[in-house]
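Trainee: Okay, here's the structure, questions in a sec.
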Amino acid sequence: MLESPLRAYVLFGSLDPAADFGVDATRSLAAAELVVAVTTHLPESLRTSVHVVLPIGTFAETSGTFVNAEGRWQSWAGAARLPGESRPGWKVLRVLANLLNLHGVDYVSSDEIRDALKVLCGARVELSSIGAAAAAPAMPKGEPPSGAWVDIPPYQGDALVRGSEALSKTKDGRLARTVI
């Protein structure tokens, strides 16, 4: 969608066009009639690309659930108050869906969303009885997978960490992304 420019984009989650997208994508955002950012942070490259900003809380400020690599559903409550006018991301999406007359998103809590996902996914995401090693596609020994790889330095993969001034001054914080 970023290689073939669209008229409008909704960017959800703490995205930074300079760090997360290529040059062509940044051009696509600049050419769009409307770019809405639903985000926790507003880095300079995002500030110059968007027309509307809808602030959301970080994972630590809102309740939520994720499924870990072992297939266990893990839920948590928000640990801090949402700053300013920010709202939980799922609530912002619910309001946008309502404004667009989309149905099926009338949830009132993150617990309801989790429960609906469990129904769709099953009570637990599990590997088959043959095990993880057998379920994974075979990779020839000593050969890396084909295609380009992007090496992301440890403090560049997450908007919260990427926005830390203190971490950006460390040796690892100054590392640049490389394409292998």
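Trainee: Could you give the radius of gyration (one decimal) and Dmax (whole number) of the Cα atoms in the stretch 1-43, in Å?
Mentor: Using the Cα atoms of the stretch 1-43, the pair Rg, Dmax is 9.7, 27 Å.
Trainee: Does anything in the stretch 47-74 have its amide N under 16 Å from the 7 Å Cα→Cβ label point of residue 2, and if so which residues?
Mentor: Under 16 Å, as judged by backbone N against the label point of residue 2, lie 47-51 of the stretch 47-74.
Trainee: Let me ask something else. How many nm separate the modelled label positions at residue 166 and residue 95, each set 7 Å beyond the Cα in the direction of the Cβ?
Mentor: 3.3
Quick note: the coordinates plus some simple rules give every number you see, no bench work behind them. Here the structure is a predicted model, which is why all the values come from computation and not from measurement. All Cβ positions, glycine included, derive from the backbone under ideal geometry; neighbour counts span all protein chains shown.
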